[in-house]
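Worksheet: one structure, shown below.
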Amino acid sequence: MSTYLMPAYIPSRDDALSLLLAYTKTENLQKHAYAVEAVMRYMARKAGEDEEKWGVIGLVHDLDYEQYPEQHCTKTREILEQNGWPEDYIRAVVSHGWGICSDVEPMSRLEKTLYAIDELTGLVAASALVRPSKSVMDLTVKSVMKKWKSPAFAAGVDRSIITRGAEMLGVEVSELVEDTIMGMREAAEEIGLKG
């Protein structure tokens, strides 16, 4: 007699989006989630990885941030567990807070990528918004790297996390900036950076 095992639950973008909209009401936080999702999808394609999985994880990575800022990453774990999400998805989300609000170190390429680009999307968005075009479509790596060197610009962006993430991935920060710009261009309208 063979036993039929139910296939494991694989969260879809719709599943992720409904959770995001249930827990995140602030437009800027939603735009950040869309930006991170777009960059994760771009990076997954570039690495020959599962674009849907990477994107879904990017979309929910800050699920608890608006309602439970003091329990960031911890509450997201609870929410995703209650919704039956697979452990590898949950681990990836929690690992982006490594050294800040989580002790889960990014190990997989997916986890290292999320860790590296989360803060960087903020710097890229800020760099685009000060351009005459207010667009990511004509934003250059050189322009972002110039802003990078000015600690007063987008002061909330922790550059040390971006640097550590780039090191984990074995790439230069400038390459990471280029990939982040390219990924964000794919969602430029959704994130309000089309100009």
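Couple of notes before you dig in:
- Counted residues, segment 170-195 - those being surrounded by 15 or more Cβ atoms within 10 Å (Cβ to Cβ) and in a helix (DSSP H, G or I): 11
- As for segment 142-159, it holds no residue that is part of a loop (DSSP other than H, G, I, E, B), touching a Ser or Thr at 6+ places or on another chain (Cβ under 6 Å) and among the small types (Gly, Ala, Ser).
- When Val124, Val136, Val104, Val141 are screened for being touching a strand residue (DSSP E or B) at 6+ places or on another chain (Cβ under 9 Å) and in contact (Cβ under 8 Å) with a residue 40 or more places away in the chain, only Val136 passes.
Matching residues to (1) assigned to a helix (DSSP H, G or I); (2) out of contact with any helix residue (DSSP H, G or I) (no Cβ under 9 Å at 6 or more places or on another chain); (3) in contact (Cβ under 8 Å) with a residue 40 or more places away in the chain; (4) buried (at least 19 other Cβ atoms within 10 Å of the Cβ):
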position: Glu37; (1), (2), (3), (4): yes, no, yes, yes
position: Tyr42; (1), (2), (3), (4): yes, no, yes, yes
position: Lys46; (1), (2), (3), (4): yes, no, yes, no
position: Glu49; (1), (2), (3), (4): no, no, yes, no
position: Val56; (1), (2), (3), (4): yes, no, yes, yes
position: Leu59; (1), (2), (3), (4): yes, no, yes, yes
position: Tyr65; (1), (2), (3), (4): no, no, yes, yes
position: Glu70; (1), (2), (3), (4): yes, yes, no, no
position: Thr76; (1), (2), (3), (4): yes, no, no, yes
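- Checking each residue in segment 170-181 for being among the hydrophobic types (A, V, I, L, M, F, W, C) and within 14 Å of the chain's Cα centre (by Cα) picks out Leu176, Val177, Ile181.
- Top-ranked residue of segment 78-133 - restricted to ones that are assigned to a loop (DSSP other than H, G, I, E, B) and of a type in the set (Asp, Glu), ranked as surrounded by the most Cβ atoms within 10 Å (Cβ to Cβ): Glu105
- Hits in segment 134-169 (condition: within 19 Å of the chain's Cα centre (by Cα), surrounded by 12 or more Cβ atoms within 10 Å (Cβ to Cβ) and hydroxyl-bearing (Ser, Thr, Tyr)): Thr163
None of the figures in this text is laboratory data; all of them are computed from the coordinates on show. Predicted model, so just to flag it, every value in this text is computed and none were measured. Ideal geometry is used to build each Cβ from the backbone, glycine not excepted, and the neighbour counts take in all protein chains shown.
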